[in-house]
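What follows is a single structure, written as structure tokens, with notes after it.
The values are calculated or read from the model by the stated rules, or taken from the named source; none is laboratory data. The model shown is predicted, which means the values in this text are computed figures rather than measured ones. Here Cβ is always computed from backbone atoms with ideal geometry, including for glycine, and neighbour counts include all displayed protein chains. Only protein heavy atoms, including side chains, enter the accessible area calculation; ligands, DNA and RNA are left aside. Shrake-Rupley method; radii C 1.70, N 1.55, O 1.52, S 1.80 Å.
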Amino acid sequence: MTEPGRRWDLHCHTVYSDGTETPRELIRQARRLALAGVAITDHDTTRGWSDARAASAQMGVALLPGAELTTDDDGVSVHLLAYAFDRGNPTITGLYEATRRARMARARRMVERISKDYPITWDDVLVQVRQGSSTTVGRPHIADALVKAGIYASRSEAFAGICSSSSPYYIPTPSPGTLQALHAVKTAHGVAVVAHAGSRARNRVLLSDAQIDELADNGLDGLEVWHRENDADQRERLLTVARRRGLLVTGGSDWHGAGKPNRLGENATDSYTVGEIMRRAGYSPSAPKPTGCVVSEPTIA
Ligand code: AMP
Ligand code: ZN
Ligand code: FE
Ligand code: FE
């Protein structure tokens, strides 16, 4: 445990993906909890960074900008947390923009399937999307539409039913390979951490030690050990691999506002580890590194 005020929550989602709160509300709640800082890690996007930076400067809660990239590692779905990368680097921008576009098409196809049996339309899903084309659309928005239609009482109930990965309506998230994503993060001078690698709730088969070794050989920086979905055995396994490979150990809540029971700050990372992440990325919160080039933000249809 680190002392209060020196804890960072390095895994938080906002309305720019499938969280229910704005980046400003994230920073406000972090201040109320006396966290030293938070990372904004929306799925496959950096669009929330500007709002989060403005709120961070105003409210005196430090910010580590990041994103959570969904990837595929030999059939295992991996969530790669990428921190303080150069958001203007076309390699990484191209990767997550392509994923966002594919995610949108996949969500539409899922809704087409669902609408054969239940009274929801694609427009009902879009109503649940808070930042228009700047939001990464996923199953949670479909779940919210099902709640609005009165089919379920909560997002979590929808995830236990129609939105579950074992439901007949499910279509997997289109994902680039983990090594490709890792190389993109490194090319953009970011720091890469595998999120919740021990979560049995997400994968029937978990990422093996050999797979983590291969990622470590290719520049992986750390493992998110402190996460509610890693059970005690998995935490022990991940800590053992981290020690053997000299990987950073992080923690985060995977906060989604009201969208999930996860409480902000319920898992955290110590300031020394966050300092090391910033050092590796050449990042200073008071003077964020300039982007290598200006990238126009493509509109997603
Ligand atoms: P997708 O990436 O579109 O397949 O949707 C899966 C995402 O839904 C994961 O990143 C989860 O964190 C997120 N999610 C948000 N709210 C919930 C919930 N109540 N139950 C399960 N997953 C959720
Ligand atoms: Zn999410
Ligand atoms: Fe995740
Ligand atoms: Fe997450």
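Under conditions of 25 °C and 0.890 mPa s, segment 119-158 yields 244 µm² s⁻¹ as its translational diffusion coefficient, taking Rh as the Kirkwood radius over Cα pairs in the Stokes-Einstein equation.
Bridges between two residues of segment 23-99, per DSSP, are antiparallel at a rate of about 55%.
Distance between the modelled labels on residue 180 and residue 240, one decimal in nanometres: 3.3 nm (7 Å Cα→Cβ projection).
To the nearest whole percent, what portion of all C-alpha pairs in segment 118-223 is separated by more than 23 angstrom? So the portion of pairs separated by more than 23 Å is 46 percent.
Averaged over residues, the count of other Cβ atoms within 10 Å places the peptides 58-65, 45-52 in the sequence 45-52, 58-65, highest first. For the chain, with all protein chains in place and a probe radius of 1.4 Å, 51% of the accessible heavy-atom surface sits on carbon or sulfur. According to the Cα-based calculation, Rg over Rh for segment 168-301 is 0.98, with Rh computed by the Kirkwood formula.
The Cα-based radius of gyration and maximum Cα-Cα distance (Dmax) for segment 46-152 are 16.5, 49 Å. Kirkwood-type hydrodynamic radius, the chain: 19.3 Å, calculated from all non-identical alpha-carbon pairs.
Given the chain, what percent of its DSSP beta bridges are antiparallel, to the nearest 5?
45 percent
Expressed as a rounded percentage, what relative contact order does the chain have, with Cα pairs under 8 Å and six or more residues apart? Relative CO of the chain lands at 24 percent. Ranking of 41, 240 by solvent-accessible surface, largest first: 240, 41 (1.4 Å probe, protein heavy atoms only, all chains present). Per-residue extension of 0.36 nm, minus the Cα-Cα distance of residue 31 and residue 272, leaves a gain of 84.8 nm for this segment. Per residue, the chain exposes an accessible area of 42 Å² to a 1.4 Å probe, with every protein chain left in place.
Rounded to two decimals, the Cα-based Rg/Rh of segment 1-82, with Kirkwood Rh, is 1.02. Along each principal axis, taking the top coordinate minus the bottom one, the Cα set of segment 216-271 gives 38, 23, 21 Å in descending order. Could you calculate the FRET efficiency of residue 160 with residue 204 from 1/(1 + (r/R0)^6), where r is the beta carbon distance between them and R0 is 25 Å, rounded to 0.05? Between residue 160 and residue 204 the formula returns 0.90. Simple spin-label estimate for residue 59 and residue 91 gives 3.5 nm between the two label positions (7 Å along the Cα-to-Cβ direction from each Cα).
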